[in-house]
Amino acid sequence: MNRRLFIMLSLAAAYTAPLAVQASEFPNKPIRIIVPYAAGGTTDMLARVVGKHMSDSLGQSVIVENKPGANGMLGSSMVARSASDGYTIGIATPGNHAANASLYKEVPYDTIKDFTAVSQAVNSPMILVAHPSLGVKTVAELIAKAKAAPGTVIYASGGTGSSMHLAMEQFAKMAGIEMVHVPYKGSGNSYIDLLSGRVSLLMDISPQALPRVRSGELIALGTASEKRLPELPDVPTIDEAGVTGYRAGSWYGFVGPKGIPKDTLGKLNTAINTALRDPATEKQLKDAGLQVVAGTPEAFQTFIEAEVKKSAQIIHDAGIQPD
């Protein structure tokens, strides 16, 4: 009897041992990072910078795949439908992982339930910029002009429901003004008309807006950050300028499909955080106008849930409808 029991236990150990080894060896094949937007943008740059460092630290290739479409929903739905083994992760932004949930009636995933938060990565503060032809140099002057002639100030954004759009709607509400919104397909396209003066205002992340401010093409009226930006020490925050409590910015992080095993999730989180805190990587991101956040999966999940509620409130109050 003891001999038979010994043989059975030995066989069971023989079958389970490879499974244990396989789990402990994650990753043992390439990891995919799906970017739900086109190549060349901030999300793409973040994925490639972090992915390279992850590849070095994990000893496996990290492949970045751009899957743009449907305001980020195409790529995000691919992540949600992937196997929960940690080999496919994606980039979460205020659009595909916050605003879309309230902006569209049919979203092919549940932002909260269908993903595993891995780590927040970076924040990017926003800058309120104006074309010189608008004739204002401060937030106070802008508010006074808008109140004197409601509906005459025209602002651009990278699209209906984009972080740029929501930031401006929040600003307008808190400042008590009315402006006209002109959406474009992407941040880059909005600058064509802004730099020509066809539209007057834009609220955009610092990597996009800062070069135009430095060149003198646009005027920085205020920053949407908590503190003044080191790159623009003489430009007050919008809060300082009189719109008390105003904050706006874009954020980026990593998510995977729901159900990623705890050990695998821990390895992914460690690899991403190690990459973000690497001095060379952190400098590269900082030079691009991004502020490293990093953090735990739990903290990022809580953050996403709060952002979904915040976006829903802005969209409801402003009556925003998709194009």
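Every number in this text was worked out from the coordinates using simple rules, so none of it is lab data. Being a predicted model, the structure only gives us computed values, none of them experimental. As a convention, Cβ positions derive from the backbone with ideal geometry for all residues, glycine included, and neighbour counts pool all protein chains shown.
The table below lists the values:
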| read-out | value |
| --- | --- |
| Cβ-placed point charges (K, R +1; D, E -1), dipole of the chain about Cα centre in debye, nearest 20 | 620 debye |
| Cα-centred dipole magnitude for the range 125-223, charges only on beta-carbon of K, R (+1) and D, E (-1), debye, nearest 20 | 80 debye |
| For Asp317, Asp114, order by how many other beta-carbon atoms lie within 10 Å, fewest first | Asp317, Asp114 |
| Rounded to 5, the percent of DSSP beta bridges in the range 125-223 classed as antiparallel | 60 percent |
| FRET efficiency, Ser133 to Thr244 (Cβ-Cβ, R0 30 Å, nearest 0.05) | 0.55 |
| Relative contact order of the range 164-323, defined on C-alpha pairs under 8 angstrom at six or more residues apart (%) | 20 percent |
| Phi to ³J(HN,Hα) by Karplus 6.51 cos²θ - 1.76 cosθ + 1.60 over the range 222-232, Hz, x for Gly, Pro | x, 10, 8, 8, 5, 10, 4, 7, x, 6, 9 |
| Helix-only mean residue ellipticity at 222 nm for the chain, each DSSP H run of n ≥ 4 adding -39500 (n - 2.57), per residue, nearest 500 | -14000 deg cm²/dmol |
| Gyration tensor over alpha-carbon atoms, the chain, equivalent ellipsoid semi-axes in Å | 44, 20, 16 |
| Stretch gain in nm, segment Gln284-Asp317, where the contour uses 0.36 nm per residue and the Cα spacing is subtracted | 8.1 nm |
| 22 Å Cα-Cα threshold exceeded, pairs from Lys258/Lys283; Lys105/Lys262; Lys147/Lys310; Lys52/Lys283; Lys29/Lys113 | Lys258/Lys283; Lys105/Lys262; Lys147/Lys310; Lys29/Lys113 |
| Under 5 Å, built H, 5+ apart or other chain: amide partners of Gly186 | Gly159 |
| Alpha carbon convex hull of the range 125-223, volume per residue in cubic angstrom | 83 Å³ |
| Hits among aspartates and glutamates - C-alpha to C-alpha of Lys267 under 14 Å, sequence gap 8 or more where chains match | Glu25, Asp56, Asp85 |
| Among Tyr246, Gly256, Gln284 - extreme Cα towards positive end, dipole of the range 221-308, charges at beta-carbon | Gly256 |
| Column: log10 I(q)/I(0), Debye, Cα scatterers of the range 279-320, q = 0.26, 0.34 Å⁻¹ | -0.82, -1.00 |
| Dipole of the chain [Lys/Arg +1, Asp/Glu -1 at C-beta], most positive-end residue of Gly176, Ile143, Ala92 | Ala92 |
| Beta bridges by DSSP in the chain, antiparallel share as percent, to the nearest 5 | 60 percent |
| Most positive-pole-ward Cα, Leu210, Asn123, His316, against dipole of the chain from beta carbon charges | Asn123 |
